[in-house]
Structure formats: structure tokens, C-alpha cells
Amino acid sequence: TMEGLSKGLNLTDSIGVAVSGDGTVGDTVPDSPAAKAGLAPGMKLLAVNGRRFSPEGLKSAVAATKGGRPLDLLAENGDFFKTHA
């Protein structure tokens with residue numbers, strides 16, 4: 001089980017990732033949009049579409065993708081920062 005999952009988000013059915021309340025990536029579903037974008041367990045989400053990460057912000061940004069809006073996630077992986085589209 002993942003610490004903080006109750007405060008986090010399980011988006012495995014939509015973009016293919018579970019994220020804890022602090023933005024830490026838990027599971028990623030193989031071949032999902034999240035995995036194809038390069039997200040992996042242990043990374044930490046810092047921003048969603050240019051705004052500081054929050055579970056609510058991520059949830060609404062994912063919902064907006066159904067209307068064709070892009071989803072850009074800024075993630076930290078050790079000392080590296082990368083935007084995953």
C-alpha cells in the first residue's frame with residue numbers, strides 16, 4: 001500500500017497513475033498515458049499545467065483533458081526536473 005493514498009489520487013483508470021497527497025508517484029500502469037509520458041514510481045509532481053501541485057488541481061486538470069486540454073506535469077526525479085506532457 002502507498003502512504004498517504006487516502007489523501008492522494010488514484011488515476012489509474014484515466015491517465016494511468018496513482019499519486020500520494022504530497023505528489024509522490026506511486027504506481028504507473030504500463031502503456032498508460034502517464035507511463036508513455038515518462039512518469040515512474042518515486043518521482044514527485046511539483047506542478048500541473050504551470051501551477052503548484054495539489055491533488056485537487058491535478059484532478060481538475062485531468063478532467064479538462066477530456067475536452068482536449070493538454071496536461072503538463074512538472075516532476076522531480078532526484079536532482080532532475082522534467083515536464084511530462
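Given the Cα-Cα distance of Ser60 and Asp22 and 0.36 nm per residue of separation, how much length would full extension add, in nm?
On the way: separation 38, 0.36 × 38 = 13.68 nm, distance 1.64 nm.
Gain in length upon complete extension: 12.0 nm.
Work out, step by step, the length gained on full extension between Asp31 and Asp72: first 0.36 nm times the residue separation, then minus their alpha carbon distance; give nm to one decimal.
Here the answer is 13.0 nm.
What list of ³J(HN,Hα) couplings, whole Hz, do you get for region 7-22 from phi and the Karplus terms 6.51, -1.76, 1.60, once you set θ to phi - 60° and write x for glycine and proline?
8, x, 10, 9, 10, 5, 7, 9, 8, x, 8, 10, 10, 6, x, 8
Probe of 1.4 angstrom, ligands and nucleic acids ignored: what's the accessible area per residue over the chain, in square angstrom?
Computed with neighbouring chains in place, this is 62 Å² per residue.
In deg cm²/dmol, rounded to 500, what helix-only [θ] at 222 nm does the chain give when every DSSP H run of at least 4 residues adds -39500 (n - 2.57) and the total is split over its residues?
Value at 222 nm, helices only: -4500 deg cm²/dmol.
Using only the Cα atoms of the chain, what semi-axes does the equivalent ellipsoid have when each is the square root of 5 times a gyration tensor eigenvalue? Give whole Å, largest first.
For the chain, the ellipsoid semi-axes come out as 16, 14, 13 Å.
Could you give me the ³J(HN,Hα) list for region 70-83, computed from phi with Karplus coefficients 6.51, -1.76, 1.60 and θ = phi - 60°, whole Hz, x at Gly and Pro?
Residue by residue, region 70-83 yields x, 10, 10, 10, 8, 10, 10, 9, x, 8, 9, 10, 8, 8 Hz.
Quick check: at a probe of 1.4 Å, how many percent of the accessible area of region 1-65 sits on carbon and sulfur atoms?
On region 1-65, the fraction of accessible area on carbon and sulfur atoms equals 50 percent.
The values are calculated or read from the model by the stated rules, or taken from the named source; none is laboratory data. All values derive from a computational prediction rather than experimental measurement. Ligands, DNA and RNA are stripped out before the accessible areas are found, and what is left, the full protein with its side chains, is counted by its heavy atoms. Shrake-Rupley method; radii C 1.70, N 1.55, O 1.52, S 1.80 Å.
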